[in-house]
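Here is the structure we will look at, set down as structure tokens.
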């Protein structure tokens, strides 16, 4: 894949991941905000979570990944169109990129036959592999079950610990990036990092929160849908989206910059999503 800023073989890529709250709530207003955030960031590739198939009149038959691709100039490389607990709703992770020739793979982390309460969506791992001047970069992205679904979360984490090492056997850098629904003090997060040899970037003690971007916005959505689970107006946001890495011995690939995005643009009381997105730049040292 060749980044937009440089001709020839790539020496640097900008990769992002973002849970864009892909349910239909206020999507017509949030959609241009998603586009504006990505226009500012200019990623070479972005993993999107909570992207779904079209089911509303205003979507004109276009899935969330197709809409974001049309708005951003990226192309849909892969999208896991998985069933949910709702008969007409399908949702899963998507990979959009500036260059469609990206090698991807899929792994289901837990299923409803083996886990009684898996939650609304199925947890899938979507991976992509790039060759940066002869060294492989492997980026794996997933959206794990909610914190309250302990059996589902544990099953998915256990499966992650099995799947990730073989994927990165020949990788100069392995990155796990996504909405893991695991707080920094979580024993499951610690166990996963230990099992795979991952480190947080930045270190967990310095990592900024990623959810919710705006409690007032989140609570309005809860009330609009008639659900329980209002957040305290003064509750601080927490870190549940993570950038975890494992570098191969003597690898020339380095993360040279990283950060979060998603709150630069707003429409009145709305941001693009209830999550901040995470991004990183990887370069050949």
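With 0.36 nm allotted per residue and the present C-alpha distance subtracted, the residue 223-residue 250 stretch has 4.5 nm of extension available.
Take every DSSP beta bridge whose two residues both sit in the chain, then give the antiparallel share in percent to the nearest 5.
On the way: 52 of 65 bridges.
Antiparallel bridges: around 80 percent, rounded to the nearest 5.
Summed over qualifying helices (DSSP H, 4 residues or more, each -39500 (n - 2.57)) and divided by its residue number, the chain shows a 222 nm mean residue ellipticity of -7000 deg cm²/dmol. Length gained on full extension, residue 183 to residue 170, computed as 0.36 nm times the residue gap minus the Cα-Cα distance: 1.7 nm. Note on segment 241-274 and segment 162-210: Cα centroid distance 14 Å, given to the nearest whole angstrom.
Take the Cβ atoms of residue 269 and residue 113, set R0 to 30 Å, and the FRET efficiency comes out at 0.10. Using the Cα coordinates of segment 12-284, the gyration tensor eigenvalues translate into equivalent-ellipsoid semi-axes of 27, 22, 19 Å, sorted from longest to shortest.
Peptides 158-170, 240-252 ranked from most to least packed by the mean count of surrounding Cβ atoms within 10 Å: 240-252, 158-170. A simple packing score, the average count of other Cβ atoms within 10 Å per residue, orders the peptides 208-220, 224-236 as 208-220, 224-236, with the highest score first.
Determine, for 280, 120, 261, 47, the number of other Cβ atoms within 10 Å of each Cβ, and report the residues in order from fewest to most.
Numbers: 280 21, 120 14, 261 18, 47 31.
Starting with the residue having the fewest Cβ neighbours, the order is 120, 261, 280, 47.
A Förster radius of 41 Å, combined with the Cβ-Cβ distance separating residue 285 from residue 71, puts the computed FRET efficiency at roughly 0.75.
Throughout, read-outs are computed from the coordinates displayed, never taken from laboratory work. Values in this document were obtained by computation on a predicted structure and should not be read as measured data. Note that each Cβ is placed from the backbone with ideal geometry, even for glycine, and that neighbours are counted across all protein chains shown.
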